[in-house]
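Asks: I am attaching a structure below and will ask some questions about it afterwards.
The values are calculated or read from the model by the stated rules, or taken from the named source; none is laboratory data. Source: prediction; values computed, not measured. Cβ placement follows ideal geometry from the backbone for every residue including glycine, while neighbour counts extend to all protein chains displayed.
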């Protein structure tokens, strides 16, 4: 099997959640590989900082302020891409949130935020990317950034609803594979499921303070966002006839 990113160089990739953490790590790797990367996130200033850092690389990062829980903002972002950069070849659904909530006494607003961001937004962006790929005869690639919690239920306080949303991503990956097969499409779909990754996700959820992040992760072997970026590059590098349906990636020694 020949591993190569050559066919993607110069092509357009959309990465959601590109302002920090895993999404930023993925965007950076794809820019370094020569793609024209459109970052969608609410914190445009963070993406602009990353774009400045990546100046001089073979690709480029285009930040677009987008709240993926608002369908109209997703549609506007995709419209801008089509009018200014051309056909979409890659979509990476990396936007995700946790919230400090549970099932027995949880907050409905938080539940909606979790499902809107982790599951429904992924459905909308996937639909729009596939419509564009098919309209332009592009055999593209859709990548969902899932989690170990989308395959097994972790015994960890406040992750019950988050895990439920991510199990939905696992089901949607297989659902899409079957749909694409039914129309004989060569668009590929991959779910990448990391274990523990050192990001601000749990701090942004209110599960711990930002100042406590290092101590929180200290005793747990963890990945870093760049590792997930490398995983995305790997699945994109495989030949067109190869479908990496699910990739589970954990730190060596993760407990």
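Asks: Only one of 60, 46 is touching a helix residue (DSSP H, G or I) at 6+ places or on another chain (Cβ under 8 Å), at pLDDT 95 or above, surrounded by fewer than 21 Cβ atoms within 10 Å (Cβ to Cβ) and closer than 21 Å to residue 224 by Cα; which? Give the derivation first.
Replies: Details: 60 fails: closer than 21 Å to residue 224 by Cα.
Answer to the selection: 46.
Asks: Restrict the check to segment 73-85 and report whether at least one residue is part of a loop (DSSP other than H, G, I, E, B) and over 14 Å from the mean Cα position of the chain (by Cα).
Replies: Yes.
Asks: A further question on this structure: Looking for whichever is modelled with pLDDT of 95 or more, surrounded by fewer than 20 Cβ atoms within 10 Å (Cβ to Cβ) and closer than 30 Å to residue 85 by Cα here; the options are 132, 139. Which one fits?
Replies: After applying the criteria, what remains is 139.
Asks: Still on this model: Looking at segment 8-32 only, could you name the residues that are within 22 Å of residue 243 (Cβ to Cβ) and out of contact with any strand residue (DSSP E or B) (no Cβ under 9 Å at 6 or more places or on another chain)?
Replies: 9, 29
Asks: Does residue 37 count as closer than 20 Å to residue 132 by Cα and either at pLDDT 95 or above or buried (at least 24 other Cβ atoms within 10 Å of the Cβ) (or both)?
Replies: Working: closer than 20 Å to residue 132 by Cα: yes; either at pLDDT 95 or above or buried (at least 24 other Cβ atoms within 10 Å of the Cβ) (or both): yes.
Yes.
Asks: Suppose the filter is within 20 Å of residue 146 (Cα to Cα), surrounded by fewer than 18 Cβ atoms within 10 Å (Cβ to Cβ) and either out of contact with any strand residue (DSSP E or B) (no Cβ under 8 Å at 6 or more places or on another chain) or modelled with pLDDT under 95 (or both); does residue 79 pass it?
Replies: Spelling it out, it is not the case that residue 79 is within 20 Å of residue 146 (Cα to Cα), surrounded by fewer than 18 Cβ atoms within 10 Å (Cβ to Cβ) and either out of contact with any strand residue (DSSP E or B) (no Cβ under 8 Å at 6 or more places or on another chain) or modelled with pLDDT under 95 (or both).
Asks: Go through segment 119-136 and give me each residue that's touching a helix residue (DSSP H, G or I) at 6+ places or on another chain (Cβ under 9 Å), free of Cβ contacts under 8 Å to residues at least 60 places away in the same chain and closer than 18 Å to residue 236 by Cα.
Replies: 126, 130
Asks: Can you tell which of 134, 177, 127 is touching a strand residue (DSSP E or B) at 6+ places or on another chain (Cβ under 7 Å), part of a helix (DSSP H, G or I) and more than 24 Å from residue 25 (Cβ to Cβ)?
Replies: The conditions single out 177.
Asks: Is it true that some residue in segment 102-118 is under 25 Å from residue 29 (Cα atoms), part of a helix (DSSP H, G or I) and either in contact with a helix residue (DSSP H, G or I) (Cβ under 9 Å, 6 or more places away or on another chain) or without any contact (Cβ under 8 Å) to a residue 12 or more places away in the chain (or both)?
Replies: yes
Asks: Also: Would you be able to tell me the number of residues in segment 137-154 that are part of a helix (DSSP H, G or I) and touching a helix residue (DSSP H, G or I) at 6+ places or on another chain (Cβ under 7 Å)? Working first, answer last.
Replies: Just the residues of segment 137-154 that are part of a helix (DSSP H, G or I), to begin with: 148-150.
Within this subset, residues satisfying the condition of being touching a helix residue (DSSP H, G or I) at 6+ places or on another chain (Cβ under 7 Å) are 149-150.
Number of matching residues: 2.
Asks: Only one of (1) without any contact (Cβ under 8 Å) to a residue 60 or more places away in the chain; (2) part of a strand (DSSP E or B) is not met by residue 15, so which one is it?
Replies: (1)
Asks: Of everything in segment 86-109, what is within 23 Å of residue 21 (Cβ to Cβ), under 20 Å from the mean Cα position of the chain (by Cα) and surrounded by fewer than 20 Cβ atoms within 10 Å (Cβ to Cβ)? Give them in sequence order.
Replies: 97
Asks: Working carefully through the options 79, 65, find the one that is in contact (Cβ under 8 Å) with a residue 24 or more places away in the chain and on the phi < 0 side of the Ramachandran plot.
Replies: Numbers: 79 fails: in contact (Cβ under 8 Å) with a residue 24 or more places away in the chain.
After ruling out the rest, the residue left standing is 65.
Asks: What do you reckon, is residue 112 surrounded by fewer than 17 Cβ atoms within 10 Å (Cβ to Cβ), out of contact with any strand residue (DSSP E or B) (no Cβ under 8 Å at 6 or more places or on another chain) and either within 19 Å of residue 42 (Cα to Cα) or at pLDDT 95 or above (or both)?
Replies: For residue 112, the condition - surrounded by fewer than 17 Cβ atoms within 10 Å (Cβ to Cβ), out of contact with any strand residue (DSSP E or B) (no Cβ under 8 Å at 6 or more places or on another chain) and either within 19 Å of residue 42 (Cα to Cα) or at pLDDT 95 or above (or both) - is met.
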